[in-house]
Amino acid sequence: MKNHLNVIHSAHLAFKSLFLTSLLICASSCKESKKELITEVVNNNTISIDLAKQIDDCELQLEVIVPKLTDLTKHPRFIENYQTEWQQVDNDELIWTSGFYPGILWYAYNVTGNEKWKDEAIKRTEVFEDYKNITEHHDIGFMMFPAYGKGFEIGDKKEYKDILITSANSLATRFNPNVGAIKSWSNKMHPRWKQHITIIDNMLNLELLFWAAKNGGDKKLYDIAVKHAETTMKNHFRPDYTSWHVLEYDSISGVVLNRHTKQGYADDSRWSRGQAWGVYGYTMVYKETKDKKFLDFAQKLTDKYLSLLPDDMVPCWDFDVANNPKEEKDASAAAVVASALIDLSTFVEKKEDKERYYNAALKMLKSLGSDKYSGVGKTDSFLLHSTGAKSLGWEIDVALIYADYYYIEALSRLKKLQD
Ligand code: GLY
């Protein structure tokens, strides 16, 4: 494994030093959408992604999916074995993935301008307004921001503002000042649920707090988000900038009682999506705070993550089982990181850092859009080969709705950069 990592690391150095030039070719129009072929020439190798085709592929899939998903009381979550349609969860299960499908529709509207995706997005968003009052777990950010947050931002649905502020206030009730962090879980899914459990995934929920604080909500929401990010930065990472999944804090003294995993291979292993949440989370916290310590940390997490990747840029579900070729991939982690890196490439100052992150994102997106990972013509998702929780025996080598969400978000961010 060490040799393997050294090879990848050397390749990165070569890649960095031999970067030659970048070129953007806007090719001719097709239908009404602009066809964009993005070509980067790196070390004499061409990374060429056909952004317009990858967007068209998403739209193609939605043409198939949307007419099938007519029950507004259910939300698509995964597709097992790629033989069937989306498996759905009931609205009243309050599952963390419920907001991603409306989020996908908002981004589809964003990248295509096609009003029918907006109409569908509104329909799929407005069914779970009651979620704004959820206080029993931390996932309200994952649930409300892709749906209502993107509706506000992309669909100009200003009337969603109060719903988002209420949602942020609900999330803030879970902040424990003794710990300096939001409590992620409190149901009996964890054997020591009475203590304060914070998981790395929780970083993503901070975006809802930042949004509310700058859109008329209480300024304390900003302080809570920053404090949570600082506490997590202090306790949740190993010296090599890899992350544990689950931290258990004493809810009164705030002392870390133990560090372990729920969805990774082992307590000390590096669960890939956990690393991805860290990369995305700290990039977003920098975007919201402009505090350089978060940018520096986001870069350290990213550089570590990139050093661990295989050639196709899509990690195995846990980096510590990646030596076994039979272990499944997790395309969702790749999609999350690709989206984050497009943003990160615009935040860093040094040209070589910009190029490194941007090119890594391009390579990830090219790989995800390739026949190996694309669901087009095979199943009802944008992407194949994600893994939800192999350690629990769930969602192993499946399509996942959040993989599709972060993938289309990444395409949208890339398109915005090009535009
Ligand atoms: N937030 C849950 C997961 O990443 O599976």
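The values are calculated or read from the model by the stated rules, or taken from the named source; none is laboratory data. Predicted model only: the values in this text are computed from it and were never measured. All Cβ positions, even for glycine, are placed from backbone atoms using ideal geometry, and neighbour counts span all protein chains on display. Note: areas computed on protein heavy atoms with side chains; ligands, DNA, RNA excluded. Shrake-Rupley method; radii C 1.70, N 1.55, O 1.52, S 1.80 Å.
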* Residues of region 130-175 classified as over 15 Å from G217 (Cα atoms), basic (K, R) and surrounded by fewer than 21 Cβ atoms within 10 Å (Cβ to Cβ), total -> 1
* To do: Taking the residues in region 255-274 that are within 28 Å of D397 (Cβ to Cβ), open to solvent by 20 Å² or more (accessible area, probe 1.4 Å) and not in a loop (DSSP other than H, G, I, E, B) as candidates, determine which candidate is nearest to the ligand (Cβ to nearest atom).
  => H260
* Is one or more of the residues making up region 140-152 touching a residue at least 40 places away in the same chain (Cβ under 8 Å), outside any helix (DSSP H, G or I) and out of contact with any Leu (no Cβ under 9 Å at 6 or more places or on another chain)? -> no
* Hey, among K68, K123, K74, which residue is touching a Leu at 6+ places or on another chain (Cβ under 9 Å), basic (K, R) and open to solvent by 50 Å² or more (accessible area, probe 1.4 Å)? -> K123
* Kindly indicate the residue of region 85-123 that is within 16 Å of the ligand (Cβ to nearest atom) and assigned to a loop (DSSP other than H, G, I, E, B) and also modelled with the lowest pLDDT among those meeting that condition. => L94
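Tell me the residue from S386, S381, S412, S391 that is under 19 Å from I38 (Cα atoms) and either modelled with pLDDT of 95 or more or under 13 Å from the mean Cα position of the chain (by Cα) (or both), please. Don't jump to the end; show me each part of the working.
Working: S386 fails: under 19 Å from I38 (Cα atoms); S381 fails: under 19 Å from I38 (Cα atoms); S391 fails: under 19 Å from I38 (Cα atoms).
Checking each option against the conditions leaves just S412.
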* Asked: What helices (runs of 4 or more DSSP H) lie completely within region 160-252 and have 3 or more residues being within 15 Å of the ligand (Cβ to nearest atom) and closer than 29 Å to S272 by Cα?
  -> 206-214
* To do: Give the residue, chosen from A360, A399, that is aliphatic (A, V, I, L, M) and under 16 Å from Q87 (Cα atoms).
  => A399
* Scan region 388-407 residue by residue and report those that are within 11 Å of the ligand (Cβ to nearest atom), surrounded by 23 or more Cβ atoms within 10 Å (Cβ to Cβ) and part of a strand (DSSP E or B). => L400
* Asked: Any chance region 295-302 includes a residue that's among the β-branched types (V, I, T) and part of a helix (DSSP H, G or I)?
  -> yes
* Structure fact -> Among K354, K372, the single one that is surrounded by fewer than 19 Cβ atoms within 10 Å (Cβ to Cβ) and over 23 Å from K287 (Cβ atoms) is K372
* Give just the number: which of (1) open to solvent by 10 Å² or more (accessible area, probe 1.4 Å); (2) assigned to a helix (DSSP H, G or I); (3) in contact (Cβ under 8 Å) with a residue 40 or more places away in the chain does M364 not satisfy? => (1)
* V314 open to solvent by less than 40 Å² (accessible area, probe 1.4 Å) and closer than 16 Å to H236 by Cβ -> no
